[in-house]
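See structure below.
The values are calculated or read from the model by the stated rules, or taken from the named source; none is laboratory data. What you are looking at is a predicted structure, and each value in this text was computed from that prediction instead of being measured. Here the Cβ positions follow ideal geometry from the backbone for every residue, glycine too, while neighbour counts run over all protein chains shown.
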Number of protein chains: 2
Amino acid sequence: MTIAQKVRTVMEKSSWIRKMFEEGARLKAQHGAKNVFDFSLGNPNLPPPDEFGNALLDIVSTCGPGSHCYMPQPGHPQVCESVAAYLSEEQGVAMEAADVLMTCGAAGALNVILKALLDPGDEVIVPTPCFVEYRFYVDNHGGEFRTVPSKEDFSLDLEAIEAAINAKTKAVLINSPNNPTGQVYSEESLAALGDLLAAKSRELDRVIYLLSDEPYRKIVFDGQKVPSIFKAYDQSIVATSYSKDLSIPGERIGFTAVHPSATYKEEIMAAMALTIRILGFVNAPSLMQRVVADLQGLSVDIDIYQRKRDLLCNGLTDAGYEFDVPPGAFYLFPKTPIEDDVAFVQELQKELILTVPGSGFLGPGHIRIAYCVDDDTIVNALPGFKRVMQRFK
Amino acid sequence: MTIAQKVRTVMEKSSWIRKMFEEGARLKAQHGAKNVFDFSLGNPNLPPPDEFGNALLDIVSTCGPGSHCYMPQPGHPQVCESVAAYLSEEQGVAMEAADVLMTCGAAGALNVILKALLDPGDEVIVPTPCFVEYRFYVDNHGGEFRTVPSKEDFSLDLEAIEAAINAKTKAVLINSPNNPTGQVYSEESLAALGDLLAAKSRELDRVIYLLSDEPYRKIVFDGQKVPSIFKAYDQSIVATSYSKDLSIPGERIGFTAVHPSATYKEEIMAAMALTIRILGFVNAPSLMQRVVADLQGLSVDIDIYQRKRDLLCNGLTDAGYEFDVPPGAFYLFPKTPIEDDVAFVQELQKELILTVPGSGFLGPGHIRIAYCVDDDTIVNALPGFKRVMQRFK
């Protein structure tokens, strides 16, 4: 074979996704991009906050020679300090710079973590529906990706998680607010998950880590708060990014932080300083590290996403779609009226509406609608959404 | 185990390197950083060219909303186009944007390439001495790292490479100008290597790729040119970065380019668009892509590195060190007068001189001196270099 068999298999398996994207591109070429309603990508449409542009310009205008040099693998020390200070408040647990490692986004963070933790055959349990790239991240480092279903309302099914834990379990990986469901896990369910993992770690005599991928933490509505992971369980590791907070996903900047009381914190931090290097990241981009250091806690105006959510939810309810109104992220994950979600997505394409089948997130029988788009796109797509639903009712 | 056994082993094996770095840090703390002569890191000491700062400021001042969004995995199309246009001249082979994928530096590029190519057990042949991280990059993706010695003058030993090629060989990975030796491979030796790989590919009925890691391509002295890889062999892939050209290693920006006539070019490019995503890079940092697009062919003033090389080489020749004057990069790799290069490095530390043992580059019996440092550091270290040599002569 001229390319890796595993990579070829992924490419073949995902060829229907590619075909759908190609169909989307074809529709845009044929009808003009602005006449196609593209809800397929989680690419934030809000511009970065003004503070981001100002901080970037300020740093670029004043940075001296050496500003773009290598730095210690975990990142510029003062940047790690800023992040730790902010995290201490956010998570309600006192953090130090040494608990933080800056990364190329949350995807980079997860790969750095998994490479540091996984021995061949170690299992990582992931509740579904989920961001399907997790499967690749786990596989990259020789782990086994093991899914458990979530409850009907997409909250954590603790019994399912408990049943899946075994002597090979190294970690449970959660994502709240969730892509693709928009669900946020409650404080009670996280506390119960922490208790479960602590009990199972004792029983199996191995640390089972809780990995929390939380790039949507700041995108929650109706005054909700995303509960602290670190308060729920001390063998926990956070991975996140500034991609959604600041609408800068192309810059690849994020971090990972290990619970300050994690039993093997020093070893994990040292391992991650190695894995970020040998995976080829080396370090998170230097300039963006400096920029985000000054912007801790900042986010785009979340009310705008809430308005979009409400616009979409109201319209789709009228059109007969079934879903719980999601408390966070910028995704809606309604049920499809037919079992075949790919077919339903193809029907929507006939109305020039692009969405992603739930199967692509291990949540068949649903579609994911990314509503980080212009209000007009939502408003103008609603009649098409309705027409398609009527064909099946 | 609480961290991956493989990672733990690497950490333990490299503990002597860590000890040396710790000793260096201790010496700096004790004597003041400016009184310690640190030749241990390949961190360019020249500031980026003015054009870099100007382009960065210009782009930051004018970039509109959406400038920091996701883009196609291979990079901003206009950036890939700029790179392809420049590469066409540099390599002497007509390239298109579709042949280029922007990466997080050369280390990111190599991981993206190897993940795309390697099946479990596939071998990658690397001439030594070499940048020892290659071993990890190959291992990350299930490959076998296979070394072959170079000739006495660190040029390619084609017989050794031929003898190492077998039915599991997937690629030969070279690095010219070389870290740690500073050697540049001649056009004749590259042509002969290309012929060898073409013949062996036919014989073994599998494509054997030539991977060329060339972040030091622009750092050559005495009017030399680094020969084109693409002219030497059409199943070849370049990995490189702007880290050394522009003194911006912390920004993690580089690219990979596949020979436009490579038999499986489309498959490799598609595979790399997948592997850059699933390894967690997702894409090269957006802003820096735009900046380097406008700076094709630019580099820091190479004459300054040449002057530093000459200053160091003249001084060390006087002091009795043995080496060939290297034509490129910013490393000198002299022989140690004793077999134990680690012991010799420790002797240099007593003179507050920090270098790296050749063993760390699979080139025992040598030390690597990174002379990307202030002239004063070189001048003031020479007496110490001399005293240590005198102890062994």
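Against the test of being in a loop (DSSP other than H, G, I, E, B), small (Gly, Ala, Ser) and modelled with pLDDT of 95 or more, the options B:Ala98, B:Ala106, B:Ala85, B:Ala94 yield a single qualifying residue, B:Ala94. Mind checking whether some residue in region B:160-179 is within 14 Å of chain A (Cβ to nearest Cβ), basic (Lys, Arg) and crowded, with 24+ Cβ neighbours inside 10 Å? Taking every residue of region B:160-179 in turn, at least one turns out to be within 14 Å of chain A (Cβ to nearest Cβ), basic (Lys, Arg) and crowded, with 24+ Cβ neighbours inside 10 Å. For region A:247-259, a tally of residues being touching a Lys or Arg at 6+ places or on another chain (Cβ under 8 Å) and either hydrophobic (A, V, I, L, M, F, W, C) or at the interface with chain B (Cβ under 10 Å from one of its Cβ atoms) (or both) returns 1. Looking across region B:260-287, the residues that are of a type in the set (Val, Ile, Thr) and within 9 Å of chain A (Cβ to nearest Cβ) come down to B:Thr263, B:Ile268, B:Thr275, B:Ile278, B:Val282.
Among the residues of region B:234-258, those identified as within 30 Å of B:Lys200 (Cβ to Cβ) and buried (at least 24 other Cβ atoms within 10 Å of the Cβ) are B:Ser236, B:Ile237, B:Val238, B:Ala239, B:Thr240, B:Ser241, B:Gly254, B:Phe255, B:Thr256, B:Ala257, B:Val258. Only a single item in (1) basic (Lys, Arg); (2) in contact with a Leu (Cβ under 8 Å, 6 or more places away or on another chain); (3) in a helix (DSSP H, G or I) is not met by A:Arg307, and it is number (2). Can you name the residue in region A:38-60 that is under 12 Å from A:Val291 (Cβ atoms) and surrounded by fewer than 17 Cβ atoms within 10 Å (Cβ to Cβ) and is also farthest from the other protein chains (Cβ to nearest Cβ) among such residues? The extreme case among them is A:Glu51. Suppose the filter is modelled with pLDDT under 95, on the phi < 0 side of the Ramachandran plot and in contact with a helix residue (DSSP H, G or I) (Cβ under 6 Å, 6 or more places away or on another chain); does A:Asp341 pass it? No, not satisfied. Being hydrophobic (A, V, I, L, M, F, W, C), within 14 Å of chain B (Cβ to nearest Cβ) and within 30 Å of A:Ile367 (Cα to Cα) is true of A:Leu114.
Checking the structure you have, find out if any residue of region A:288-301 is outside any loop (DSSP other than H, G, I, E, B), within 8 Å of chain B (Cβ to nearest Cβ) and closer than 19 Å to A:Asp99 by Cα. No - not one qualifying residue is present in region A:288-301. A search for C-beta distances below 6 Å between a residue of region B:236-264 that is on the phi > 0 side of the Ramachandran plot and touching a residue at least 24 places away in the same chain (Cβ under 8 Å) and any residue that is surrounded by fewer than 24 Cβ atoms within 10 Å (Cβ to Cβ) and of a type outside the set (Phe, Trp, Tyr), counting only pairs 6+ apart in sequence or on different chains, returns B:Ser247/B:Leu46; B:Ser247/B:Val300.
For A:Leu197, the test of being closer than 23 Å to B:Gln5 by Cβ and more than 10 Å from chain B (Cβ to nearest Cβ) is passed.
For B:Ser243, are the conditions met, namely being within 14 Å of chain A (Cβ to nearest Cβ) and within 19 Å of the chain's Cα centre (by Cα)? Yes, satisfied.
Residues in region A:29-71 that are among the charged types (D, E, K, R) and part of a helix (DSSP H, G or I): A:Lys34, A:Asp50, A:Glu51, A:Asp58. The listed residues are B:Ser261, B:Ser186, B:Ser201, and the only one of them that is surrounded by fewer than 20 Cβ atoms within 10 Å (Cβ to Cβ), modelled with pLDDT of 95 or more and touching an Asp or Glu at 6+ places or on another chain (Cβ under 6 Å) turns out to be B:Ser261. Residues in region B:18-70 that are touching a residue at least 12 places away in the same chain (Cβ under 8 Å), over 27 Å from the mean Cα position of the chain (by Cα) and within 30 Å of B:Ser286 (Cβ to Cβ): B:Ile59, B:Val60, B:Cys63, B:Ser67, B:His68, B:Cys69, B:Tyr70.
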